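The values are calculated or read from the model by the stated rules, or taken from the named source; none is laboratory data. A quick note: this is a predicted structure, and the numbers were derived from the prediction, not measured. Counting neighbours? That spans all protein chains shown, and the Cβs are built from the backbone with ideal geometry, glycine included.
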């Protein structure tokens with residue numbers, strides 16, 4: 001009897017450790033299935049679109065690709081996109097630094113409300129971000145008649161495009177800096193001041209070196225959105241070829257005209273911008289040491 | 001904070017912040033509210049209650065809900081795989097998840113339309129094998145919204161899974177729980193608040209999305225016309241009142257969601273703070 005009981009209890013005593021181990025990890029087949037589902041999903045939704053852009057951009061050869069890019073309308077769109085980014089990114093960067101400085105270095109009433117208001121543009125539909133500027137400066141808008149009488153064009157012109165882009169990219173830099181500077185505290189800055197550094201010297205020698213990676217991260221995301229914004233800009237632009245078409249709008253117009261190579265050639269520039277943004281973003285995340 | 005007395009630049013920094021915020025965000029946004037005050041309550045209800053507007057809200061909200069749900073399911077799997085497993089190319093795949101954040105929506109729009117149109121790579125396959133047409137149907141809207149929702153879900157879940165205390169799993173395992181029980185009773189309840197946040201984030205982004213949707217949607221009134229497109233259409237037809245009323249409604253819904261998401265995030269932090 002004893003001899004029979006022994007072997008049957010033996011597996012029982014060794015079982016718990018294996019059941020615990022199996023309860024802490026998925027079986028191999030499940031792991032492989034989950035990885036396959038995840039990678040299949042990523043491939044279909046993220047990798048395939050990038051490949052399709054390149055495929056259609058070069059569908060009629062490298063010559064047709066360059067011809068599409070060197071078209072005056074495409075070049076004008078590239079120029080306008082660069083101009084928009086050149087104005088909006090520095091402006092919102094300056095704002096981001098000022099807002100983060102005020103919010104993280106001082107106590108004042110309404111601070112949390114201010115922080116919420118800064119994030120507001122992120123929760124507004126891009127289309128609405130354009131509509132509000134039409135309501136202000138369009139023909140039937142509040143300043144419409146006055147602007148017409150003084151021969152100033154904002155909507156359906158470059159100033160409108162810049163305003164709408166300023167709105168949609170508004171929170172990017174501030175949003176990166178505020179949590180970081182909050183966490184940093186101001187001991188180092190106080191030390192610099194008490195050692196006799198001027199305000200600007202303290203900012204450039206102490207604050208800026210500490211926030212530079214987060215700042216670059218914010219600028220990078222801000223720039224990507226500024227160059228790629230479609231909805232808001234589409235509402236205020238008026239789609240005038242060679243004049244008020246940014247590169248994303250040029251993509252739309254070419255696509256709707258069945259100029260597939262032209263649309264995808266322009267799209268390839270924007271996709272390239274997105275890929276460069278992702279690479280730099282990953283590098284900056286690695287530099288910042290988070291994630 | 002008495003020490004901050006010596007910190008320089010309070011007045012210029014706050015002054016510039018407030019002026020810039022007012023000029024770029026607050027004043028433009030408030031025009032929408034003021035402009036709607038010109039409408040009578042009856043006019044507002046007539047516009048919002050019209051069949052075409054109601055249909056567009058149904059399309060927008062319906063497809064955003066379905067897309068957020070599908071993105072949540074796949075997002076959990078992707079986040080889980082990225083955090084828990086190691087495999088060749090993991091870093092590459094993890095980095096590319098942010099593509100929808102970085103890729104301009106117009107590009108996403110024409111690419112998805114090209115892939116899923118009846119002659120496209122996947123569109124032809126789906127039509128020939130299953131008889132499903134994706135592009136120019138409401139299903140196309142869902143596909144585009146899944147695309148833009150992916151990073152919201154994955155990036156909300158990853159940090160929560162990363163910080164998840166595995167000793168809880170060990171405790172459950174030592175008490176004899178199976179892997180499935182541990183997942184459903186220990187892991188899932190703990191990531192649930194984050195999942196709900198992710199769902200709300202992708203839903204609220206999806207409802208307002210324009211660029212990636214309009215190329216693939218077909219934009220048929222009553223069937224596949226989304227709210228943002230209807231606003232643009234009304235504006236182009238100089239129906240400023242209609243555009244204003246619909247835009248204000250959308251804006252209020254967005255703010256409601258912003259508030260809800262803040263509550264959810266508070267809950268998530270409380271939840272993970274207790275661990």
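Quick notes on this structure:
Yes or no, residue by residue, for (1) surrounded by 15 or more Cβ atoms within 10 Å (Cβ to Cβ); (2) part of a helix (DSSP H, G or I); (3) facing chain B (nearest Cβ under 10 Å); (4) in contact with a helix residue (DSSP H, G or I) (Cβ under 6 Å, 6 or more places away or on another chain):
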| site | (1), (2), (3), (4) |
| --- | --- |
| A:191 | no, yes, no, no |
| A:208 | no, yes, no, no |
| A:223 | yes, yes, no, yes |
| A:265 | yes, yes, no, yes |
| A:282 | yes, yes, yes, yes |
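- If you filter the range B:5-26 down to residues that are farther than 13 Å from residue A:102 by Cα, facing chain A (nearest Cβ under 8 Å) and surrounded by fewer than 18 Cβ atoms within 10 Å (Cβ to Cβ), you find that the one that is modelled with the lowest pLDDT is B:6.
- Total residues in the range A:233-249, condition more than 9 Å from chain B (Cβ to nearest Cβ), in contact with a helix residue (DSSP H, G or I) (Cβ under 9 Å, 6 or more places away or on another chain) and touching a residue at least 40 places away in the same chain (Cβ under 8 Å): 10
- Failed criterion for residue B:29 (all others in (1) in contact with a helix residue (DSSP H, G or I) (Cβ under 8 Å, 6 or more places away or on another chain); (2) surrounded by fewer than 18 Cβ atoms within 10 Å (Cβ to Cβ); (3) in contact (Cβ under 8 Å) with a residue 24 or more places away in the chain hold): (2)
Residue-by-condition table, conditions (1) within 9 Å of chain A (Cβ to nearest Cβ); (2) over 26 Å from residue A:50 (Cβ atoms); (3) at pLDDT below 95:
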{"position": "B:35", "(1), (2), (3)": "yes, yes, yes"}
{"position": "B:38", "(1), (2), (3)": "no, yes, yes"}
{"position": "B:44", "(1), (2), (3)": "no, yes, yes"}
{"position": "B:54", "(1), (2), (3)": "no, yes, no"}
{"position": "B:60", "(1), (2), (3)": "no, yes, no"}
{"position": "B:77", "(1), (2), (3)": "yes, no, no"}
{"position": "B:86", "(1), (2), (3)": "no, no, yes"}
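- Some residue of the range A:29-52 being over 26 Å from residue A:234 (Cα atoms), in a helix (DSSP H, G or I) and away from chain B (no Cβ under 12 Å): yes
- Test: residue B:182 is assigned by TED's automatic domain parsing to the domain that holds residue B:107, within 22 Å of the chain's Cα centre (by Cα) and either surrounded by fewer than 24 Cβ atoms within 10 Å (Cβ to Cβ) or not in a helix (DSSP H, G or I) (or both): no
To keep it simple, each residue is scored yes or no on (1) farther than 30 Å from residue A:25 by Cβ; (2) in contact with a strand residue (DSSP E or B) (Cβ under 6 Å, 6 or more places away or on another chain); (3) at the interface with chain A (Cβ under 7 Å from one of its Cβ atoms).
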| residue | (1), (2), (3) |
| --- | --- |
| B:72 | no, no, no |
| B:102 | yes, no, yes |
| B:120 | yes, no, no |
| B:140 | yes, no, no |
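- Of the helices (runs of 4 or more DSSP H) lying entirely inside the range A:103-170, those containing at least 1 residues that are closer than 21 Å to residue B:231 by Cβ, touching a helix residue (DSSP H, G or I) at 6+ places or on another chain (Cβ under 9 Å) and at the interface with chain B (Cβ under 10 Å from one of its Cβ atoms) span A:126-137, A:158-168.
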